[in-house]
Amino acid sequence: MIPDLFGARPRALRRFMMKATDHGEAPGLMPGWKTTEGAYFVCPRCDHDAGWLFNLTPSEIRRGLPCPACNPTEVKQ
């Protein structure tokens, strides 16, 4: 076995995702939007209510968005 010359790799911090509770479309495109699809997002961990967010891809809606309340904004070392 070859020894690791650089040490163990640091793991990325866990991201907590908000889940879509409702899905819909905006009545029209706003300037700069590429899509009218959107969803109503709520965090199941802290109950942060982000409300309706639009201009999202279908995969972003299915996967969810990072919760701004649960995820740290700066990297702790």
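Tell me, what are the semi-axes, in whole angstrom and largest first, of the equivalent ellipsoid of the chain as set by the roots of 5 times the Cα gyration tensor eigenvalues?
Values: eigenvalues 237, 51, 25 Å².
Working from the Cα gyration tensor, I get semi-axes of 34, 16, 11 Å.
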Within a Gaussian network of the chain (alpha carbon springs, distance under 10 Å), most fluctuating of Arg11, Arg62, Arg45: Arg11
Inter-label distance for Leu53 and Trp33, nm, one decimal - labels placed 7 Å from Cα along Cα-to-Cβ: 1.6 nm
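What does the charge count near Asn55 come to, summing +1 for each Lys or Arg and -1 for each Asp or Glu among other residues with Cβ under 14 Å from its Cβ?
Values: positive: Lys34; negative: Glu25, Glu37, Glu60.
In short, -2.
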Amide H partners (placed H, <5 Å) of Leu65, local residues excluded: Met18
Summed side-chain charge close to Ala39 - residues other than Ala39 whose Cβ falls under 14 Å, Lys, Arg +1, Asp, Glu -1: -2
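Within the set of other residues whose C-beta is less than 15 Å from the C-beta of Gly28, count the net charge using Lys and Arg as +1 and Asp and Glu as -1. Each step should come with its number before you reach the end.
Numbers: positive: Lys34; negative: Glu25, Glu37.
Result for the local shell: -1.
How many percent of the accessible area of the chain is carbon or sulfur, using a 1.4 Å probe?
Values: 3580 of 6440 Å².
The computed percentage sits at 56.
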Segment Cys46-Arg11, length gained on full extension (0.36 nm per residue, minus Cα span): 10.2 nm
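If eta is 0.890 mPa s and T is 25 °C, what Stokes-Einstein diffusion coefficient results for segment 17-57, Kirkwood Rh from Cα pairs, in µm²/s? Show your work: numbers first, answer last.
Values: Rh = 10.7 Å.
Using the Kirkwood radius from Cα pairs, D works out to 230 µm²/s.
The values are calculated or read from the model by the stated rules, or taken from the named source; none is laboratory data. Predicted, not measured: the structure shown is a model, and the values here were computed from it. Neighbour counts run over all protein chains shown; Cβ positions are idealised from the backbone, glycine included. The accessibility values were calculated without ligands, DNA or RNA, using every heavy atom of the protein model including side chains. Shrake-Rupley method; radii C 1.70, N 1.55, O 1.52, S 1.80 Å.
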